[in-house]
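Q: Quick one: the structure is below, and I'll ask about it shortly.
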Amino acid sequence: MSETTRRIIVDTDTGIDDALALLYLAAQPEVEFVGVTAVYGNCITEDSLRNIAYVLGLAGRTGIPVARGAAAPLNAEPHIAHYVHGYDGLGDVLAAEARPLPSTLVSQSAAEFLVEQARAHPGEFELLTLGPLTNIALALRVEPQLLTLFRSITIMGGSGPFPELGQSDMFDANIQNDADAARLVFSAPATRRVMVGVNATAQVVTDEQDMVALHRSGTATGVFSADILESYLDFYRLAWGRRVSPVHDGLAAGLMLHPEWIASSVTGPANITDDGFTTRARIMQTAEGRTVPWPIDAVPDTIAVTSIDPAFHSAFIHALIGTAPR
């Protein structure tokens, strides 16, 4: 193993942006997938498993252990985002027979797999979460020091600090889907915990120009990326009046590998807030950096990304196509 190898476990509810994140990671020669664990969210867990197998196979990454995870939140019924990601999680562009279950499916649950790998290789692996945090919470119930056994955990989810007056930020399905799990994950001790929230992912979008490049690329991964992104852009047009989509999970993957692309961040305790409509993971700071004027839960710090180096966008699109950026 090279000194520069990045050994990663990905926990994913494999929808459209999750698939793109997996393709991005698979294009990086330094990345070694230790395993991929499936969870509900963008699709049901069974489809998440099938989509993991399809995407890794498309990228030529075979033999990677895959574990079946939670099918529902800790204390609630699952909310499945078919209206965003299609009924299969990938925009319904593939025939059912093209998506068999992974041949590398392990007998352990996702939580058991996470605990076993972390205990056997303390300080060696990085954890990237792209869906609801239920699997991680279940693993923490078994091993409360789990996140100290990973080099880092990067979480696509949360909302960063509170926004400036008069501004709002996007809805975050990963935290909303299992607030109890999120509370456990953000309160657990960790070596390094990074929140790549919707306050950050909304700053980086794929647009029609990117779609043209992907469609015209002629590569299997580029054309597939364009095909599944079509429905994603259609969904988000109602948010901005344009066919664009935030690079949610892909950005989390990119910033995990390249922290130098984090142009700015804030650090502090992340609490789970609920206003009766949405549940969010928030750094307990105002946009001006002041601590909020009410009692907060005393939890270990989280680093929350607030702005991103523009270099990420080009690198991401080129990775999906399978070419190096110029």
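Q: Tell me which residues, restricted to segment 268-287, are touching a residue at least 60 places away in the same chain (Cβ under 8 Å) and out of contact with any strand residue (DSSP E or B) (no Cβ under 9 Å at 6 or more places or on another chain).
A: T278, T286, A287
Q: Would you confirm, using the coordinates I've provided, whether D210 is modelled with pLDDT of 95 or more, more than 19 Å from D13 (Cβ to Cβ) and of a type in the set (D, E)?
A: Considered against the rule, which asks whether it is modelled with pLDDT of 95 or more, more than 19 Å from D13 (Cβ to Cβ) and of a type in the set (D, E), D210 comes out as yes.
Q: Return the pair list, or none, for Cβ contacts closer than 7 Å from residues in segment 15-30 that are at pLDDT 95 or above to residues that are among the polar types (S, T, N, Q) and surrounded by fewer than 24 Cβ atoms within 10 Å (Cβ to Cβ), at least 6 apart or on different chains.
A: Going by the 7 Å Cβ cut-off, the qualifying pairs are L23/T221; E30/T4; E30/T5.
Q: For the list (1) open to solvent by 10 Å² or more (accessible area, probe 1.4 Å); (2) in a helix (DSSP H, G or I), I need the number of the one condition that L165 fails.
A: Failed condition: (2).
Q: P293 - would you say it is open to solvent by 40 Å² or more (accessible area, probe 1.4 Å) and either of a type outside the set (S, T, Y) or free of Cβ contacts under 8 Å to residues at least 40 places away in the same chain (or both)?
A: Against the criterion (open to solvent by 40 Å² or more (accessible area, probe 1.4 Å) and either of a type outside the set (S, T, Y) or free of Cβ contacts under 8 Å to residues at least 40 places away in the same chain (or both)), P293 qualifies.
Q: For segment 126-163, name all the residues that are among the aliphatic types (A, V, I, L, M), within 15 Å of T279 (Cβ to Cβ) and in contact with a strand residue (DSSP E or B) (Cβ under 6 Å, 6 or more places away or on another chain).
A: Correct list: I155 only.
Q: Another one. Filter segment 304-317 for residues that are touching a residue at least 60 places away in the same chain (Cβ under 8 Å) and open to solvent by 40 Å² or more (accessible area, probe 1.4 Å) and give the result.
A: Hit for segment 304-317 is H313, nothing else.
Q: Name the pairs: first residue in segment 35-58 and β-branched (V, I, T), second residue assigned to a helix (DSSP H, G or I) and at pLDDT below 95, Cβ to Cβ under 7 Å, at least 6 apart or on different chains?
A: Listed pairs, sorted by first residue: none to list.
Q: Something else: Scan segment 1-57 for residues that are open to solvent by 20 Å² or more (accessible area, probe 1.4 Å) and of a type in the set (A, V, I, L, M, F, W, C) and jot them down.
A: Those that are open to solvent by 20 Å² or more (accessible area, probe 1.4 Å) and of a type in the set (A, V, I, L, M, F, W, C): M1, A27, I44, A53.
Q: Of S245, S264, which residue is touching a residue at least 40 places away in the same chain (Cβ under 8 Å) and loosely packed, with under 13 Cβ neighbours inside 10 Å?
A: The conditions single out S264.
Q: Out of all the residues in segment 185-225, which are in a helix (DSSP H, G or I), of a type in the set (A, V, I, L, M, F, W, C), without any contact (Cβ under 8 Å) to a residue 60 or more places away in the chain and surrounded by fewer than 22 Cβ atoms within 10 Å (Cβ to Cβ)?
A: Residues satisfying the conditions are M211, V212, V223.
Q: With respect to L138, determine if the residue is under 14 Å from V36 (Cα atoms) and in contact (Cβ under 8 Å) with a residue 60 or more places away in the chain.
A: Against the criterion (under 14 Å from V36 (Cα atoms) and in contact (Cβ under 8 Å) with a residue 60 or more places away in the chain), L138 does not qualify.
Q: Quickly run through segment 21-41 and pick out the residues that are within 21 Å of G322 (Cβ to Cβ) and more than 10 Å from the chain's Cα centre (by Cα).
A: L23, Y24, L25, A26, A27, Q28, P29, E30, V31, E32, F33, V36
The values are calculated or read from the model by the stated rules, or taken from the named source; none is laboratory data. Computed from a predicted structure; not experimentally measured. Ideal geometry is used to build each Cβ from the backbone, glycine not excepted, and the neighbour counts take in all protein chains shown. SASA here: full protein model, heavy atoms, side chains in, ligands and nucleic acids out. Shrake-Rupley method; radii C 1.70, N 1.55, O 1.52, S 1.80 Å.
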